[in-house]
Amino acid sequence: MAGPYEIFVLIKQVPDQGSKAGLNPDGTIDRAKAKRMLNPFDRYALQAALHVKRTYGGRVTAISMGPPPAVEILLEALEHGVDRGFLLSDRRLAASDTLATAYALYKTVTHVGKFDLIFCGLQTTDGDTAQVGPQLAERLSLPQVTYCEDFHLDDGRLHARRIIEGGVQFVDCVAPALITVANSYHPLAYKSFRGAWRVQQLQRNPEELGKYIRTVDLDIIQADPERCGLKGSPTIVAATEKVGELGGNCSMYEGHAPDEMVGELIEKSNLKEFLVA
Amino acid sequence: MSESVNLAPPSDGEVLVIAEQILGELQPVSLELLGAGRYLADKLGGKLSTVILGDNLGDIPKKLIEYGADTVYVADDPELRTYRTLSYRRVVCDLLETFKLPPHIVLLGSTTTGRDLAPRIAANFETGLTADCTELDIGPYEHKSKVDPSKVGLYEGCLYAIRPSFGESLKARILGPWKNPQMATTRPGQMTPLAPDANRVGKIVNIPVKLQKEDLRLVVAETVREVSKGVRLAEADVIVSGGYGLGSKEGFELMHELAKCFENSAVGASRKVVDLGWIPYEHQVGQTGKTVRPKIYIACGISGAIQHRVGMSKSGTIIAINKDPDAPIFKFAHHGIVGDVYQIVPELIRQFKDKLATKGEKTVVHTH
C-alpha cells in the first residue's frame, strides 16, 4: 500500500510559560488564567503529518484531550491543513497522569478508527515526560520511532532517522507505527490564507464546524472511568517544596556604564584564565 | 490499630536498574543509576540487581558488579546488538514476569533509549513512572484523599521520585505507592556512581531471549555515532548560554562570538529558545536537555527557572547577564551584571580582545 495514508496527529494545549499572565506571586501557575497555546513540540508533529498528506496523499486527523478551550488548537490545526479534529473532553479525566492519559487516548484513537501512522510531539512543555506517546504505542501494540528527526515512506514502509546519544540511528518498519517527532525536524510551515479563511467561515456556522471538529466524552469512546483521571493514575504528586536557594552571594554589577561593569567583572572573576591564546 | 498498618504491596526490597550500552559501550548513566540504586536498596534492605542486553557483552556484567550490583541479569544475543524498542521490551518484561514478587523499584536513564523503553514497560505492567528525576529517596507516605477510600492509609518504603515541577520554582515529590515496581528515570549526570571495587562479589545470571516475530517489526539499518561532531557541552570548560532575553535567533551569533574568546568552549541554550527553534535541541541545558558542569557558565538573557538551574547549578563559576534585576538567576549566580546583553556582551568581547592585544600570551593560561 503506497498511500493514501490515514494519518493521526496527537496534539495538546498547554499554558504559555512565556507569558506572565496567570503566574501567581509564589511562582505557581494558575492554569485558568494562564495564556494557552499549542504545545510547541506538537508543531513538528503537525508538520510531519501534513508532509505525509502532501507528499503521498491521505487524510490528517488531529486528536486532543483537554478541557473545552482545547478546541482552539484543533481549529489552529485545521487552519494549517488538517482535515478534521476530535477533542476528548470529560471532567472525569481531571488529574490523569501519563498512564491514564495514554489509556484515554487509546480509547479515543480506536473510536476514531483505522490509521496507518500516528504522530506525536516528542513531549509537552507542561509535563516534559515524553511518556504518553510510547505508552499509547504499548496499548496499541505498535512499533514506535521516538526522537524522529526525518523520515520518508516507501510503499507503506517507514524509513526514519532518530536521535540517539551522540549520534543517529536509521530504522525502518511497516506501518502502522507511532512516531514522536523531535524538534530538529522541519518547523511547521505558516498557515495558508485559504486555511485561515476556511476556518473563519466554519466558525460562523457551528453546524458546519461540527462536521469537522467533534467533541467526545468517556461514554462515547466507551472508556472505563475507573481507569481515567485520579483513580486511573498510578502516580500522584505527594508534596511540593520550595527549592532552596543556592549560593546567594552574587556579586552584582549594576547602574554603571557597560564598559565599567564589564571591566570590574573581568577583574574580579576568573574569566581571564580561560581566554584563547 | 489500623492506622499503623502498612498498606504497601508485598516486597523484598529489590531494586532493578536497566543498564544501557550503545555499540558495546556501557553508558555512564548506568553506573550513576547503580550508585542511586545501591542507596535505595540498602535503605529498603533489599538487593540491587541490574539487567544488561546486548551482543558479546564481554566484561560489562563484571563491571556492573564492581559498581554496586548484587545480581546481573544478562541477555546476550545477536538480535540484541542494537537497542530496539520491541525486542528489548520483550526481554525485560519476560524477566520481570519471572520474579515471584515484582521488584520494588525499576530505574532507567533518561536517555533516548530509557525514555523510549521505560514507558512501554510501565504501560505493560500498568504501573507508575516518573521521568527525569533529580533526586530519589525512600520514605513513608500517608494517603488521605478519599477519592478512592480503599487507598486511604499508610504506605511504608515508597519511592520518592523528585523532579522540578512545571514552570515553578518548586520541586514535586511524585509517588506511586499502590503498585510495584515503582519506576523512575534520571538524567545522565544527576546521580553519583560508587567508586568501583574489583573485589565486590555478585551473581551473573544469563536470562533467556525469546523474541517473537512481532518484536522484530522494526529494523535498525545503521547506528552512527558522531561524538566529535556533536556539540561538546559535557566536556566544555566554558559554556556561553543564551535565553529568551536574546530576543531573536540572531542573538546566538553573539553567543558564538563570545564563546570563541575562550579555550574549549561551547554554546548552550535554555529550553524556551530551543522550543522556539532559535537553536537546535543538542544545545539545550536543563532538565530536559543536558546536565553540565563547566568551569565557567555565562548565562545571557536567561531568567534561571528551575528547569534550567538543575542542568547547570554545579558549574564552577556562574556569570549572569540580565536586564531584570529580579531575575531568579541572580539568586544563585556568582557574578551578575544587570544590563542589556547587546551592550554587555560586545563590550566583554572588546575588552577581551584588548587584553589579548596588550598583554599578549602572558596572561593566557591553558587549561587542558
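Residue check: is A:THR240 at pLDDT below 95, surrounded by fewer than 19 Cβ atoms within 10 Å (Cβ to Cβ) and over 30 Å from B:THR82 (Cα atoms)?
So A:THR240 fits the description; yes.
Please go through the stretch B:232-254 and give me each residue that is buried (at least 20 other Cβ atoms within 10 Å of the Cβ) and in a loop (DSSP other than H, G, I, E, B), ordered by number.
Across the stretch B:232-254, the qualifying residues are B:LEU233, B:ALA236, B:GLY243.
Which is at positive phi, away from every other protein chain (no Cβ under 11 Å) and modelled with pLDDT under 95, of B:GLY153, B:GLY68?
When all the criteria are applied, what remains is B:GLY153.
Please indicate, with yes or no, whether at least one residue in the stretch B:135-156 is surrounded by fewer than 20 Cβ atoms within 10 Å (Cβ to Cβ), touching a residue at least 24 places away in the same chain (Cβ under 8 Å) and either basic (Lys, Arg) or in a loop (DSSP other than H, G, I, E, B) (or both).
For the stretch B:135-156, residues surrounded by fewer than 20 Cβ atoms within 10 Å (Cβ to Cβ), touching a residue at least 24 places away in the same chain (Cβ under 8 Å) and either basic (Lys, Arg) or in a loop (DSSP other than H, G, I, E, B) (or both): present.
Name the single residue, out of those in the stretch B:194-241 being in contact with a Gly (Cβ under 6 Å, 6 or more places away or on another chain) and within 30 Å of A:CYS173 (Cα to Cα), that is modelled with the highest pLDDT.
Ranking the qualifying residues of the stretch B:194-241, first place goes to B:VAL224.
Would you check which residues across the stretch B:159-209 are in contact (Cβ under 8 Å) with a residue 60 or more places away in the chain, assigned to a strand (DSSP E or B) and facing chain A (nearest Cβ under 8 Å) and list them?
The answer is B:PRO164, B:LEU170, B:LYS171.
Among the listed residues B:VAL29, B:VAL15, which satisfies the condition of being touching a His at 6+ places or on another chain (Cβ under 8 Å), within 30 Å of A:TYR147 (Cα to Cα) and touching a residue at least 40 places away in the same chain (Cβ under 8 Å)?
Testing whether each residue is touching a His at 6+ places or on another chain (Cβ under 8 Å), within 30 Å of A:TYR147 (Cα to Cα) and touching a residue at least 40 places away in the same chain (Cβ under 8 Å) leaves just B:VAL15.
Would you mind finding the one in A:GLY127, A:GLY133 that is within 13 Å of another protein chain (Cβ to nearest Cβ), outside any strand (DSSP E or B) and crowded, with 24+ Cβ neighbours inside 10 Å?
So the residue among A:GLY127, A:GLY133 that is within 13 Å of another protein chain (Cβ to nearest Cβ), outside any strand (DSSP E or B) and crowded, with 24+ Cβ neighbours inside 10 Å is A:GLY133.
Checking B:ALA69 against (1) more than 20 Å from the chain's Cα centre (by Cα); (2) more than 15 Å from B:PRO208 (Cα to Cα), only one condition comes out false. Which one?
Among (1) more than 20 Å from the chain's Cα centre (by Cα); (2) more than 15 Å from B:PRO208 (Cα to Cα), B:ALA69 violates only (1).
Being loosely packed, with under 15 Cβ neighbours inside 10 Å, under 20 Å from the mean Cα position of the chain (by Cα) and either within 14 Å of chain B (Cβ to nearest Cβ) or of a type in the set (Lys, Arg) (or both) is true for just one of A:ALA160, A:ALA177, A:ALA182, A:ALA189. Which residue is that?
A:ALA189 is the lone residue from the list that is loosely packed, with under 15 Cβ neighbours inside 10 Å, under 20 Å from the mean Cα position of the chain (by Cα) and either within 14 Å of chain B (Cβ to nearest Cβ) or of a type in the set (Lys, Arg) (or both).
A:ASP224 fails exactly one of the following numbered conditions: (1) more than 24 Å from A:TYR56 (Cα to Cα); (2) at the interface with chain B (Cβ under 8 Å from one of its Cβ atoms). What is the number of that condition?
Every condition holds for A:ASP224 apart from (2).
How about the stretch A:82-106: which of its residues are out of contact with any Ser or Thr (no Cβ under 7 Å at 6 or more places or on another chain) and either surrounded by fewer than 22 Cβ atoms within 10 Å (Cβ to Cβ) or more than 19 Å from A:GLU6 (Cβ to Cβ) (or both)?
A:ASP90, A:ARG91, A:ARG92, A:LEU93, A:ALA94, A:THR101, A:ALA102, A:TYR103, A:TYR106
Which condition number in (1) in contact (Cβ under 8 Å) with a residue 24 or more places away in the chain; (2) not in a loop (DSSP other than H, G, I, E, B) is the one that A:HIS159 fails?
Tallying (1) in contact (Cβ under 8 Å) with a residue 24 or more places away in the chain; (2) not in a loop (DSSP other than H, G, I, E, B), A:HIS159 fails exactly one: (1).
Here's a check for you: in the stretch B:102-134, which residue that is more than 9 Å from every other protein chain (Cβ to nearest Cβ), surrounded by fewer than 24 Cβ atoms within 10 Å (Cβ to Cβ) and in a loop (DSSP other than H, G, I, E, B) is farthest from the chain's Cα centre (by Cα)?
So the residue we want is B:PRO102.
Conditions: (1) within 14 Å of another protein chain (Cβ to nearest Cβ); (2) part of a loop (DSSP other than H, G, I, E, B); (3) in contact with a Gly (Cβ under 8 Å, 6 or more places away or on another chain); (4) hydroxyl-bearing (Ser, Thr, Tyr). B:SER30 meets all but one. Number of the miss?
Here B:SER30 clears every test but (2).
Which of the numbered conditions does B:VAL92 fail, given that it passes all the others? Conditions: (1) within 20 Å of the chain's Cα centre (by Cα); (2) crowded, with 23+ Cβ neighbours inside 10 Å; (3) outside any loop (DSSP other than H, G, I, E, B).
The one condition B:VAL92 does not meet is (1).
Can you confirm whether the stretch B:331-340 contains a residue that is more than 8 Å from chain A (Cβ to nearest Cβ) and either in contact with a His (Cβ under 8 Å, 6 or more places away or on another chain) or part of a helix (DSSP H, G or I) (or both)?
no
Being without any contact (Cβ under 8 Å) to a residue 12 or more places away in the chain and either surrounded by fewer than 20 Cβ atoms within 10 Å (Cβ to Cβ) or more than 7 Å from chain A (Cβ to nearest Cβ) (or both) is the filter here, so list the residues in the stretch B:341-352 that pass it.
Selection gives B:GLN343, B:ARG350, B:GLN351.
The values are calculated or read from the model by the stated rules, or taken from the named source; none is laboratory data. Computed from a predicted model, the values in this text were never measured in an experiment. With ideal geometry, Cβ positions are generated from the backbone for all residues, glycine too; neighbour counts draw on all protein chains shown.
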